Amino acid sequence: MPLFARTSRFMRVAVSSNCGPCTLEYAHGNEIPDTCRKGGVSSVSLTTAIDGSSMGRYTSQVLHSSHEMRQLVAQAHRVGQSVGLVPTMGALHRGHLSLVDASIGECDRTIVTIFVNPTQFLPGEDYDRYPRSVPADLELLSEYPVEWVFAPSVEEMYPRRFSTYVHPPAVSEPWEGVQRPGHFRGVTTVVLKLFHIIPADVAYFGHKDYQQSQVIRRMVEDLSLPITIRVCPTVRDPDGMALSSRNQYLQPHERNIGLSISQGLNLATDLVAQGERRASVVLERVRRVLEEAGVTSIDYVALVHPDTMESVSTINNPTLAIVAVWVGATRLIDNRLIG
Ligand code: AMP
């Protein structure tokens, strides 16, 4: 048994073992063994992070210029380093940090982008009130060795006379595509721009925005983009609520209502585990959970094929349950693989 837990991030530790003091570097996810590497001597007695005064504090370089950002990526590639990209709109939480963690585990350099992308918000949506907190974001990131944070201005991304957009793939059309027409055009356009500014090796997205991840995967394949897409599991609060920057909008009683989304998804999982195969029955039960909790309105509750996002009527294969609801003025989405 290793003496210490699996590391949650890259860390450098000073180790005092019975063959003398030494310094070991542990990559993300490695087990810190109870022996030092010099010869299998047991009884590591001390570990402390030695990157600065407190455990694992790092300072990311913040860039606003696409040109400078691209040059740094090119430099990293020139010396053979791989680059991971985590696109975000900021207001970071543990969900975003799990993507950062995944990138650090796989890539030599990690870049987080923070950009509240105006083109993916529809008129009347929450673009103006979307939480913006770059200093707080940097504070959260300081626990992770993220080399660069790219935080461009709107003018940097959309200069005057900007008028070229991506036409998103067919998988963007149902569900979010119906409820938020134009949303995925903005998403694909900004993500393609980010992939050009930051030609990373791997880009990390969350399962939480499942349809978005499928849209990006399709775009990457259709446009032959030389980047690997990883989709990481949804991070939840202990009670099951999926983390989202928009949870900040919720009053405590609204959060309770929002919790019915994951409860509904859990019920769907249970029903299928008990042998229910009729989508209509499962959907009816999930809707009832949402309505009884008091959601303001339901944009959709559906069971879909995870590749095509097309509705299924019988649950025989892996199926994705997807939900989008309004709780007061806040729109929440979540999903779960069932069956
Ligand atoms: P956003 O800042 O909302 O645009 O999200 C940036 C990335 O973080 C997207 O790929 C999201 O899918 C992902 N993400 C958001 N919430 C979560 C979560 N709870 N767990 C995992 N990934 C998430």
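Any read-out appearing in this document is the output of simple, stated calculations on the displayed coordinates, not a laboratory observation. Given the structure is predicted, the values throughout are model-derived calculations rather than measurements. Every residue, glycine among them, receives a Cβ derived from its backbone with ideal geometry; neighbour counts consider all protein chains shown.
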**Extension gain (nm, one decimal) between R236 and Q75, 0.36 nm per residue minus Cα-Cα** = 54.3 nm
**Contour excess over end-to-end distance, with Cα ends at R278 and L122 and 0.36 nm allotted per residue** = 52.7 nm
**Sorted peptide list for 155-162, 272-279, 109-116, 241-248, criterion being average Cβ within 10 angstrom, highest first** = 109-116, 241-248, 272-279, 155-162
**Request:** Take every Cα pair under 8 Å in the range 77-158 that's 6+ residues apart, average their separations, divide by the length, and report that relative contact order as a whole percent.
**Result:** 36
**Item:** Sites S82 and S133 - FRET efficiency at Förster radius 35 Å, r taken between beta-carbons, to 0.05
**Value:** 0.75
**Asked** Using the alpha carbon gyration tensor of the range 245-338, what are the three equivalent-ellipsoid semi-axes (square root of 5 times each eigenvalue), largest first, in whole Å?
**Response** 24, 13, 10
**Request:** Could you please state, rounded to a whole Å, how far the C-alpha centre of the range 261-339 is from the C-alpha centre of the range 112-128?
**Result:** 27
**Asked** So how much slack lies between V62 and R94, counting 0.36 nm per residue of separation and subtracting their Cα-Cα distance, in nm?
**Response** 9.5 nm
**Asked** Considering only the other residues whose Cβ falls under 13 Å of the Cβ of E176, what net charge follows from Lys and Arg at +1 and Asp and Glu at -1?
**Response** -1
**Request:** Between R285 and E221, take the C-beta separation as r, use R0 = 25 Å, and let me know the FRET efficiency to the nearest 0.05.
**Result:** 0.10
**Item:** Two-site FRET efficiency, R160 against T269, from Cβ-Cβ distance with R₀ of 56 Å, rounded to 0.05
**Value:** 0.65
**Request:** Report the local net charge at R109: Lys and Arg +1, Asp and Glu -1, summed over other residues whose C-beta lies under 10 Å from its C-beta.
**Result:** -3
